[in-house]
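See structure below.
Read-outs: derived from the displayed coordinates by stated rules, not from any lab. All values derive from a computational prediction rather than experimental measurement. Every residue, glycine among them, receives a Cβ derived from its backbone with ideal geometry; neighbour counts consider all protein chains shown.
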Amino acid sequence: MIIHRPPFTIHHFATLGSTNDQLKAMDAAPEFTCVVADEQTAGRGRRARAWYSSPGDGLYLSILLLPRSDSASKLPPLGLMASVAVAETLVERGVAGVDIKWPNDTLINGRKVSGVLAEAVSSGPESLRLILGVGVNLNHRSFPPGLSETATSFAIETGGRVDVEEFRDRLLEKIAQWYVVWRRGVSTSIIDRWQRLSTYARGQRVVVTLEDEKLTGVTDGLTETGALRLAVDGGALRTILAGEVAKLRKDADPSVRQSYV
Ligand code: BTN
């Protein structure tokens, strides 16, 4: 089924492996093509993780952007933009305790409610196709063991239900608005908005897991390309381009044991 929500054209499926994979296979799709499924049987997260995608409970959506940017450094704010749009859509629905964990995880009361999988398909700088996959846990009443400690949903947090289509349409509106901002070249307002929505942006003690090392320190804002600045314990200021961030409790005594939240 095709649904028109300008500038987006939504291709709706009852079930798919992964909306990102479906969109990737649609070679000739124009910008603002959007694929949505009620259920994913092979939903993918970052770092080759699976994304739990039970039928009808969540929003599983991918959109195609053609950023026409000659600079890869301009792309990370598009992922941040998606998490900002999710956070704003939740806040607008009266959800309390909304936060964003760098780079693109939206949390409610410290648990993950949404993630973004950004995948670039390119056959040259002028023909970059960016697939932004967004998963939002909306009406899930529970999660499988192993996920329930870290994942949450709109329903679990608020006790209410949300209409998935209404949420989808509002989220797409917000993404479209922020994308106009990005195209004007003012990524800084996306970064500013991200920093205002996130308790991780500044002054937060965190541990950052990189490919081959772990750093502990205090966050010191994002760069204008969306990288995370970290004042590492011991003095150095590092710019983190990719890594996993976890909060360290302020009262944790590093010499005894590290407490991750
Ligand atoms: C993450 O936080 O690890 C990213 C999760 C992204 C999940 C979404 S659901 C829709 C789209 N299709 C996928 O297979 N993954 C993304």
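Separation of segment 84-132 and segment 157-210, taken as the distance between their Cα centroids, equals 6 angstrom. Based on C-alpha pairs under 8 angstrom that are at least 6 apart in sequence, the chain has a relative contact order of 15 percent.
Computed over the chain, the per-residue total of -39500 (n - 2.57) for DSSP H runs of n ≥ 4 gives a 222 nm mean residue ellipticity of -7000 deg cm²/dmol, rounded to 500.
Projecting the Cα atoms of Pro145, Pro103, Val35 onto the dipole axis of the chain, where Lys and Arg carry +1 and Asp and Glu carry -1 at the beta carbon, places Pro103 farthest toward the positive end. Pairs over the 25 Å Cα-Cα cut-off, from the set Lys101/Lys174; Lys74/Lys247; Lys74/Lys174; Lys24/Lys74: Lys74/Lys247. Scanning residues 5 or more positions from Gly45 or on other chains, those with amide H under 5 Å from its amide H are Ala50, Trp51, with H placed 1.01 Å from N in the peptide plane.
Scanning residues 5 or more positions from Tyr200 or on other chains, those with amide H under 5 Å from its amide H are Ile100, with H placed 1.01 Å from N in the peptide plane. Summarising the label geometry, the points placed 7 Å from Cα in the beta-carbon direction at Ala236 and Ala50 lie 3.8 nm from one another.
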